[in-house]
Structures are given as structure tokens and as C-alpha cells.
Amino acid sequence: MRAIADQKYTLDEYFELEKRSEEKWEFWNGNVWNMSGASLAHEDIVSNTLRALGNRLPQGCRVSGSNVRVKVPSYLPYRYPDLTVVCGKRDQEIIGGLELLINPQLIVEVLSPSTEAFDRGDKFTYYKSIPSLKEYLLIATAHSHVTHFVKQSESEWINRDILGIKGMISLPTFGVELSLEEIYLDVIFPERPIDPSPDGR
């Protein structure tokens, strides 16, 4: 992500920026940052997951990519998740002349080193304010590791970590399973630096 330095935007100015730009921008508290640019591993994982979900979701469900604006009540006006899934009618709201999806049931974020802590912490807290949201997937890019959150009640979410290429993810809201093998198909993980110390510490 790349922020616009030394400039504060009003919400109306931000909407105008979004309308005239071919890039994606996010807004918070007057600050605006660019959402464009991702690693090859990130894009391969997004593409693989989009394909896997599209092939398995039941009729009437639709998976969308990162160009969809999703309204987040506690983090207004909206965000750009990597993937979203809606079953049934896709409800929309117009804010600042822009279409916002308001009822995703699944949000998928593919992690990068610069956003991982935020995606796992504050951003997930904000996403919980979306009433329709039932499941949240975080997919690592450095190795085969998926964290899956499932809503139990308004005050409780449970999570499961799936590790290793043979792992399976069960999405109970949709009655489907995905394998890490297909999510990470042909993904080349970044090389980890070699630790020169004898004990690896």
C-alpha cells in the first residue's frame, strides 16, 4: 500500500478521487492510500481461490474479486477485500455516487508482510461489524497456512489454522470444502533467509 503523503482528504474529495482514478484507494480519517500492486504469489493465490470457490459454491452464490467495494460499518466508507462471497441477492448501497456491497457472507484476504498484522487484528475487528458476515479466511503467501474464522454468535468467533499443502478447509456456511493444494497451485513461495547461527537462533 502507498499513502498520499502530507495531504488530508474530505470524504467528498476521496469519492471524487475514486471516480476519476483507474486505481483503487482506501480512506480513513482523512488519509488516503493506494491499494494497487501485489506480489506474483499473492495474485496466484487470489486467482486459484477465486477459481476453486467458483467451481464449488452452490447455485445462487457468487464470488467477486478485489474491485468490489464492501461497506464496513465501523470502518467507513468501504474496503476492497481480495475476495467476497454472497449467496442470494447482492444488496447494494450508493454512497458518494459509488456502489457498495453490504451483505457479504465470506471475506477472503490474502496476506502480505506489510498488511498481515492489520488483517489479523484491527481489520478483522472492523469486518465483524458487517451483519451478514459469517466466515473470514486469511491466506498466507510465505508458506501454506490458512486461518479460518467462523461466526458462532454476535460475540463469538472460532478459528482454525490449516497448515501444509494437504490441508482441507471446510466452509460450513456454503457446504463446500477447499484444499490448500488447489489454493497454492503453482505458487512459488519467497525464499527464507538462511540463518548463519549453528542453533538457528
* Anyone know which of T147, T49, T84 comes out most mobile in the 10 Å Cα GNM of the chain? -> T147
* Could you tell me which of P190, A41, V146 has its Cα farthest along the dipole of the chain towards the positive end, charges placed at Cβ (Lys, Arg +1; Asp, Glu -1), taken about the Cα centre? => V146
* Rolling a 1.4 angstrom probe over the protein heavy atoms, how many square angstrom per residue are accessible across region 59-156? -> 42
* Asked: When the Karplus curve 6.51 cos²θ - 1.76 cosθ + 1.60 is applied with θ = phi - 60°, which whole-Hz ³J(HN,Hα) does each residue of region 19-24 get, with x for Gly and Pro?
  -> 5, 9, 9, 8, 9, 9
* Roll a 1.4 angstrom probe over the protein heavy atoms and tell me the percent of accessible area of region 1-73 that is carbon or sulfur. => 45
* Structure fact -> Taking a crude spin-label model, label points 7 Å out from Cα along the C-beta direction, the K8 to D161 distance in nm is 4.1
* Asked: For W28 and D91, what is the calculated FRET efficiency with R₀ set at 41 Å and r taken between the beta-carbons, to the nearest 0.05?
  -> 0.95
* What span do the alpha-carbon atoms of the chain cover on each of the three principal axes, reported in whole Å from largest to smallest? -> 55, 45, 32
* Taking the Cα-to-Cβ direction at L40 and at V176 and moving 7 Å from each Cα, how far apart do the two end points lie in nm? -> 2.8
* Of the listed pairs K19/K151; K89/K128; K128/K166; K89/K166, which have alpha-carbon separations greater than 23 Å here? => K19/K151; K128/K166; K89/K166
* Structure fact -> Per the 1/(1 + (r/R0)^6) rule, R0 = 35 Å and r from the Cβ atoms of E99 and V150, FRET efficiency to 0.05 is 0.80
* Structure fact -> Ranked by GNM mean-square fluctuation in the chain (Cα springs under 10 Å), the top entry among I94, I130, I165 is I94
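The values are calculated or read from the model by the stated rules, or taken from the named source; none is laboratory data. Keep in mind it's a predicted model, so treat the numbers as computed, not measured. Cβ coordinates were reconstructed from backbone atoms using ideal geometry, including for glycine residues, and neighbour counts include every protein chain displayed. Please note that ligands, DNA and RNA were not included when accessible areas were found on the heavy atoms of the full protein model with its side chains. Shrake-Rupley method; radii C 1.70, N 1.55, O 1.52, S 1.80 Å.
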